[in-house]
Amino acid sequence: MPAWVIDKYGSNDVLRFTKNASFPIINYPNEVIVKVFAAGLNPIDVSMRGGYGAATLSMKRDPLNIKQSDSEFPLILGRDVSGVIMECGLDVKYFRERDEVWAAVPPWKQGSLAEFVVLSANEVSHKPKSLSHTEAAAIPYVANTAWSALVNTGGLNKDNCSRKRILILGGSGGVGTFAIQMLKAWGAHVTVTCSQNAERFVRELGADDVVDYTAGPVEEPLSALEKFDLILDNVGGDTERWALNLLKPWSGAKYVTLVTPFLQNTDRLGIADGMMQTAATVATKALKHLVKGVHYRWGFFAPSGPALDEVREMVDAGQIRAVVEETFSFSQVPQAFDKVEKGHARGKTVVQISKGGDDL
């Protein structure tokens with residue numbers, strides 16, 4: 001099948017188009033094969049192209065190390081998919097052929113920059129009726145990431161959010177733009193940091209307060225505001241140094257960061273030592289902040305069809321819209337990577353894989 005693959009890690013020139021990538025096959029009875037109409041790109045695709053997470057992800061792909069080294073190549077990138085089901089495994093109950101679906105492909109599986117992709121049925125959800133495939137491909141990965149961070153790790157849900165004060169550090173990228181809309185739909189008060197030229201954009205998505213990080217250190221204007229119940233950090237770096245002081249102490253307030261050293265540690269130190277180093281880091285930090293009455297947590301992407309089912313209802317109810325910044329054709333995948341690599345996104349970059357997706 002046609003696909004964009006990489007045969008080694010590196011910069012954009014390792015991307016290679018091929019017409020004979022191996023066709024995905026159903027290995028487990030709960031899997032489905034999806035014909036890809038549109039694929040979304042995320043910063044993790046650029047990182048993975050450069051080898052980020054290689055140690056952990058290759059262990060996840062081949063836990064017993066049966067295959068020889070380098071068995072992950074040729075590797076297909078792309079984490080978001082919108083398309084139709086072509087084939088279902090024997091145990092698949094909720095989907096049938098020709099169903100329109102969307103999903104986030106876990107990083108340890110072959111990605112969506114190909115004509116077909118194989119997924120577990122529990123990673124897949126019916127696509128929102130109100131979105132085209134191109135729009136739908138902008139949502140699943142950031143939705144699953146934000147859901148995992150805010151709901152699974154942060155403990156938020158549609159019933160406990162009203163009047164909670166949430167701060168999103170780095171609000172104009174994919175996860176930020178999704179999180180703003182979801183939290184507003186649930187009745188939270190949302191403060192966002194972003195650059196000045198993204199201010200109008202995040203306000204249109206529903207942000208209540210916006211702090212411009214290009215105008216100087218954001219900790220000063222943020223400290224002037226009332227304290228927060230939860231902080232979602234998409235920025236990392238030295239934000240941890242000051243951000244936890246913005247939380248309401250002794251009230252169960254949480255700081256959830258999506259910028260964690262877990263995969264870097266395992267790439268650098270190997271799986272076992274990397275995990276030990278990581279556990280030590282997170283335990284030390286959690287303890288240090290618990291003493292001040294706030295909870296320090298790491299958030300990770302987790303694939304989940306059921307979470308996307310709930311997101312679909314919010315999309316079809318008009319509470320969340322797809323934010324597509326730019327669309328590329330299948331032949332322009334390297335340009336799409338360039339675009340994502342430059343950063344400063346206002347929403348998502350989407351690649352249209354096969355024609356006819358939107359007029360099925």
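The values are calculated or read from the model by the stated rules, or taken from the named source; none is laboratory data. Quantities reported herein were computed from a predicted structural model and do not represent experimental measurements. Note that each Cβ is placed from the backbone with ideal geometry, even for glycine, and that neighbours are counted across all protein chains shown. These accessible areas exclude ligands, DNA and RNA; they are computed on the full protein's heavy atoms, side chains included. Shrake-Rupley method; radii C 1.70, N 1.55, O 1.52, S 1.80 Å.
Points to keep in mind about this one:
- Helices (runs of 4 or more DSSP H) (entirely within the range 207-293) containing at least 3 residues that are open to solvent by 30 Å² or more (accessible area, probe 1.4 Å): 219-223, 262-269, 271-290
- Residue 87 being over 29 Å from residue 239 (Cα atoms) and in contact with a His (Cβ under 9 Å, 6 or more places away or on another chain): no
- Number of residues in the range 331-353 that are open to solvent by 30 Å² or more (accessible area, probe 1.4 Å) and more than 18 Å from the chain's Cα centre (by Cα) equals 6.
- The range 100-133: number of residues that are open to solvent by 10 Å² or more (accessible area, probe 1.4 Å), under 21 Å from residue 324 (Cα atoms) and not in a loop (DSSP other than H, G, I, E, B): 2
- Condition met for residue 7 (under 21 Å from the mean Cα position of the chain (by Cα), in contact (Cβ under 8 Å) with a residue 60 or more places away in the chain and either within 25 Å of residue 139 (Cα to Cα) or open to solvent by 20 Å² or more (accessible area, probe 1.4 Å) (or both)): no
- Any chance residue 198 is in a helix (DSSP H, G or I), open to solvent by less than 20 Å² (accessible area, probe 1.4 Å) and of a type in the set (A, V, I, L, M, F, W, C): yes
- Verdict on residue 336 being part of a helix (DSSP H, G or I) and within 30 Å of residue 13 (Cα to Cα): yes
- Count of residues meeting criterion [of a type in the set (Val, Ile, Thr) and exposed (fewer than 15 other Cβ atoms within 10 Å of the Cβ)] in the range 19-51: 1
- Residue match in the range 166-175 (condition: touching a residue at least 24 places away in the same chain (Cβ under 8 Å) and farther than 23 Å from residue 139 by Cβ): no
- Taking residues in the range 219-239 that are farther than 17 Å from residue 165 by Cβ, and partners anywhere that are of a type in the set (Asp, Glu) and open to solvent by less than 10 Å² (accessible area, probe 1.4 Å), the pairs with Cβ atoms closer than 9 Å and at least 6 places apart or on different chains are 239/233.
- Selection from the range 134-188 of residues that are more than 16 Å from residue 315 (Cα to Cα), open to solvent by less than 20 Å² (accessible area, probe 1.4 Å), part of a loop (DSSP other than H, G, I, E, B) and at pLDDT 95 or above: 154, 156, 161, 188
- Among the residues of the range 308-324, those that are crowded, with 19+ Cβ neighbours inside 10 Å and either modelled with pLDDT under 95 or of a type in the set (A, V, I, L, M) (or both) comprise 308, 311, 315, 320, 322, 323, 324.
- Checking every residue in the range 302-318 against the condition of being polar (S, T, N, Q) and touching a helix residue (DSSP H, G or I) at 6+ places or on another chain (Cβ under 8 Å) gives at least one match.
- Qualifying residue in the range 83-91 (condition: surrounded by 22 or more Cβ atoms within 10 Å (Cβ to Cβ) and modelled with pLDDT of 95 or more): yes
- In the condition set (1) in contact (Cβ under 8 Å) with a residue 24 or more places away in the chain; (2) out of contact with any Ser or Thr (no Cβ under 6 Å at 6 or more places or on another chain); (3) of a type in the set (Lys, Arg), residue 268 is compliant with all but (1).
- Subset tally (residues that are of a type in the set (Asp, Glu) and either in contact with a Cys (Cβ under 8 Å, 6 or more places away or on another chain) or at positive phi (or both)) for the range 201-224: 1
- With respect to (1) within 16 Å of residue 140 (Cβ to Cβ); (2) surrounded by fewer than 19 Cβ atoms within 10 Å (Cβ to Cβ); (3) under 23 Å from the mean Cα position of the chain (by Cα), the lone exception for residue 59 is condition (1).
- For the range 294-307, residues that are open to solvent by 60 Å² or more (accessible area, probe 1.4 Å) and farther than 29 Å from residue 31 by Cβ total 1.
- Cβ-Cβ distances below 7 Å connect the following pairs, each with a first residue in the range 287-316 that is closer than 28 Å to residue 240 by Cα, a second residue that is loosely packed, with under 13 Cβ neighbours inside 10 Å and among the hydrophobic types (A, V, I, L, M, F, W, C), and a separation of six or more residues or different chains: 293/250.
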